[in-house]
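A short write-up of the structure that comes next.
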Amino acid sequence: MAATPIVRRTTAVLKIPTRKSSVGAFASSVITAMTGNASYPNPTPPLATVAADLAAYEAAEAQVVTRVKGAAVTRNAKYAVLRADLEHLMGAVQQVADANAANAQSLIEGAGFAIRKTTSRPKSPIKVEPGGVPGTVKLSAKAVAQRASYEWQYSTDQKTWSNAPGSLQAKTAITGLTSGTTYYFRFRGLTKAGEGAYSQVVQILVS
C-alpha cells in the first residue's frame, strides 16, 4: 500500500473589503449566494436577519457620506454587527465543508466566501515505497553530499527507533517488517563534517 498522503483542510476566509463603502456589496453577494442554496437550508443567523443588518449598515454608511455628526460611530457599530453575522455564516459554511471534504472548495465558494491560500510545502527529503515482497519497503533520499554515508531508522510508534543497515548510497531496502503494520522512517547523512540531523519522518502501511 502506498504511503499515507497528508489531507489538508480547505478553509474559508472572510475577505471583507477594507473600504467601508464596499462592505455592503460583499455582504449582499454572500446573501445572494446562500439564498436558495440547498447545501445551507437553515443558515445561522437567518439570511433575513443578515439582510436587515445589512440594510441598517448601508443606511448608516449613507449618513457618513453626508457628514452627519456622530454618523461614523453609528456606522462602525452597525458594521460590527454585520461582520459578526458574516463570521457566523462562514462558520456554518465551514462545518458543512468539513463534513464534505471532497467538495469543500465548491461548497465554500458557492456560499460566496473565499478559500484560504496555502503555500506549497517543499518535497520531503525521504521517500518510502512498498518493496517487491511482503514486509519490505524501499527508501530513497536526497543526497546530502557527493561523498556521504547514510543511517536509516524505523519505528512503529515514533518513540523507539531501530537501526537498519547503513548504506553508501541515498537509498536502501528494509526487509523483515510486519505486514499490516504502520511504520515510520527517517534517515541522516554522515559526511566528513560529521553527522547530520535526522530527516522528517515518513510513514507507510507495510503490505
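Each value in this text was obtained by applying a stated rule to the coordinates, not by laboratory testing. Every value quoted in this text rests on a predicted model; they were computed, and no experiment measured them. Glycine gets a Cβ as well: all are built from the backbone with ideal geometry, and neighbour counts include every protein chain shown.
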Please report the spacing between the Cα centers of the stretch 165-207 and the stretch 55-80 in Å, no decimals.
63
Where Lys and Arg each count +1 and Asp and Glu each count -1, what net charge lies around residue 137 among other residues with Cβ under 11 Å from its Cβ?
+1
Other-chain or far-sequence residues with amide H under 5 Å of residue 164's (modelled H)
152, 153, 154
Dipole axis of the chain (+1 Lys, Arg; -1 Asp, Glu on Cβ), positive-most option in 63, 34, 165
165
Positive-end residue, the stretch 12-115 charge dipole about Cα centroid, Cβ charges, pick of 114, 44, 74:
74
Show me the three semi-axes of the equivalent ellipsoid for the chain, from the C-alpha gyration tensor (sqrt of 5 times each eigenvalue), largest first, rounded to whole Å.
56, 21, 12
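Do you know the relative contact order of the chain, to the nearest whole percent, from alpha carbon pairs under 8 angstrom that are 6+ apart? Before the final figure, lay out the partial values.
Working: 323 pairs, mean separation 44.7, N = 207.
Relative contact order comes out at 22 percent.
If we count other beta carbons within 10 Å of each Cβ, what is the order of 75, 188, fewest first?
On the way: 75 23, 188 17.
Going from least to most buried by this count: 188, 75.
Can you show me the helix-derived [θ] at 222 nm for the chain, built from DSSP H runs with n ≥ 4 at -39,500 (n - 2.57) apiece and divided by the number of residues, rounded to the nearest 500.
Working: 4 runs with 70 residues, N = 207.
It lands at -11500 deg cm²/dmol.
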Starting from one equal scatterer on each C-alpha and no solvent at all, send me the Debye-based log10 I(q)/I(0) for the stretch 12-115 at q = 0.10, 0.11 Å⁻¹, two decimals.
-0.29, -0.34
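How do 187, 113 rank when sorted from fewest to most other Cβ atoms within 10 Å of their own Cβ? Don't jump to the answer; show the numbers that get you there.
Working: 187 28, 113 24.
If I rank by nearby Cβ atoms, fewest first, I get 113, 187.
Compute the signed sum of charges (Lys and Arg +1, Asp and Glu -1) over the other residues within less than 15 Å, Cβ to Cβ, of residue 196. Don't jump to the answer; show the numbers that get you there.
Values: positive: 142, 147, 186, 188, 192; negative: 151, 195.
Spelling it out: positives minus negatives among the neighbours equals +3.
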All aspartates and glutamates inside 15 Å of residue 20 as judged from Cα atoms, apart from same-chain residues fewer than 8 positions distant
53, 58, 61
With θ taken as phi - 60° and the coefficients 6.51, -1.76 and 1.60, list the Karplus ³J(HN,Hα) couplings across the stretch 100-112 in order, rounded to whole Hz; mark glycine and proline as x.
9, 4, 5, 10, 4, 5, 5, 5, 5, 5, x, 9, x
Starting at the first residue of the stretch 34-43, write each ³J(HN,Hα) from the Karplus equation 6.51 cos²θ - 1.76 cosθ + 1.60 with θ = phi - 60°, in whole Hz, x for Gly and Pro.
8, 5, x, 6, 4, 6, 9, x, 9, x
Could you please rank 157, 53, 98, placing first whichever residue has the fewest other Cβ atoms within 10 Å of its Cβ?
157, 98, 53
Whole-Hz Karplus ³J(HN,Hα) for the stretch 55-70, in order, using 6.51 cos²θ - 1.76 cosθ + 1.60 and θ = phi - 60°, x for Gly and Pro?
4, 5, 5, 5, 5, 5, 5, 5, 5, 5, 4, 7, 6, 5, 4, x
Charge tally for neighbours of residue 59 with beta carbon under 14 Å away, counting Lys, Arg as +1 and Asp, Glu as -1, is 0
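What number, in nm² with one decimal, is the all-direction average of the projected area of the convex hull of the alpha-carbon atoms of the stretch 100-207? Mind dumping the intermediate values first?
Details: hull surface 38.6 nm².
Orientation-averaged projected area of the Cα hull: 9.7 nm².
How big is the dipole moment of the chain about its Cα centre under a simple scheme where the beta carbon of each Lys and Arg is +1, that of each Asp and Glu is -1, and everything else is neutral? Debye, nearest 20, please.
Values: 23 positive and 11 negative charges, 176 e Å.
That gives the chain a dipole magnitude of about 840 debye.
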Which of the lysines could be linked to residue 138 by a straight reach, that is with a Cα gap under 23 Å, when you skip same-chain ones fewer than 8 residues away?
123, 127, 159, 171
